[in-house]
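Step one of this worksheet: look at the structure below.
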Amino acid sequence: MVKADHVIVDLEKLHRSGAAFEEILEAAVRGLHVLDERFHWTGIYELFPDNVLRLGPFIGAPTDHVFIGVGRGVCGTAVAERRNINVPDVRLESNYLACSTETRSELVILIRRGEKIYAQVDIDSHQVAAFDEASVVRVQRVADWLAALYESRDRLGRAP
Ligand code: SME
C-alpha cells in the first residue's frame, strides 16, 4: 500500500522542478490510483465557470462522461451539495451516471479551499463499499495538496 505522504513528496518535487500544472495533475492521478488496489478508475474533473465539470487526466476505461453539469450524477451532486460523496453500491443510487458496468462503488472528494471548489477526485471500484475510512483519508490528503496548488495558481493570476 502506497502512503499519501509518498505521493505528496513526489508531487512537491515535480512542482519545485517547474513542471506544468497539467503534468502535476497527471502525476497526482497516477499517485492516487496506486493508493489502493481496489481503485479501478481514477480521474480528476475540473469545475469550469459555466458550472460544468470537465474530465481531466484519468486512469482506467474511457468514459462517455467527459462533461457533467452541476447536479448531474454523483460527480455533479457533490459540487451542487458542496460535499464529498462515498457511494457504497452504485446500483442503489438513482442519480448515477454509469462509466463502466463493472463499477460497484464510487468516491468523490472535492478539491476545494474553503468555499471555493476547483475540481474533484473521482474514483470507481469494482468492489462494493471499497472506500473505507483509511482510503478516504489518503485521497483527501492528496486532494488538499492539489487544492493548495490550484489556489496558488489563481493567486498568480493564471486562467482557471
Ligand atoms: N459515475 C459518475 C460519472 C463519472 S464516471 O464514473 C467516470 C457520476 O455518477 O457522476
(request) Look at segment 107-138 and say how many of its residues are over 17 Å from residue 60 (Cα atoms) and among the β-branched types (Val, Ile, Thr). (result) 6
(message) Being out of contact with any helix residue (DSSP H, G or I) (no Cβ under 9 Å at 6 or more places or on another chain) and either away from the ligand (no atom under 13 Å from the Cβ) or in a loop (DSSP other than H, G, I, E, B) (or both) is the filter here; which residues of segment 19-32 pass it?
(response) 20, 22, 26
(message) Looking at (1) under 19 Å from residue 32 (Cα atoms); (2) out of contact with any strand residue (DSSP E or B) (no Cβ under 7 Å at 6 or more places or on another chain); (3) surrounded by 18 or more Cβ atoms within 10 Å (Cβ to Cβ), which one does residue 73 not meet, given that it meets all the others?
(response) (1)
(message) With of a type in the set (Gly, Ala, Ser) and in contact with a helix residue (DSSP H, G or I) (Cβ under 6 Å, 6 or more places away or on another chain) as the only criterion, which of 43, 71 stands out?
(response) 71
(message) Just checking, does segment 41-49 include any residue being over 24 Å from residue 100 (Cβ atoms) and either part of a loop (DSSP other than H, G, I, E, B) or at pLDDT 95 or above (or both)?
(response) yes
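The values are calculated or read from the model by the stated rules, or taken from the named source; none is laboratory data. These figures come from a predicted structure and were not determined experimentally. All Cβ positions, glycine included, derive from the backbone under ideal geometry; neighbour counts span all protein chains shown.
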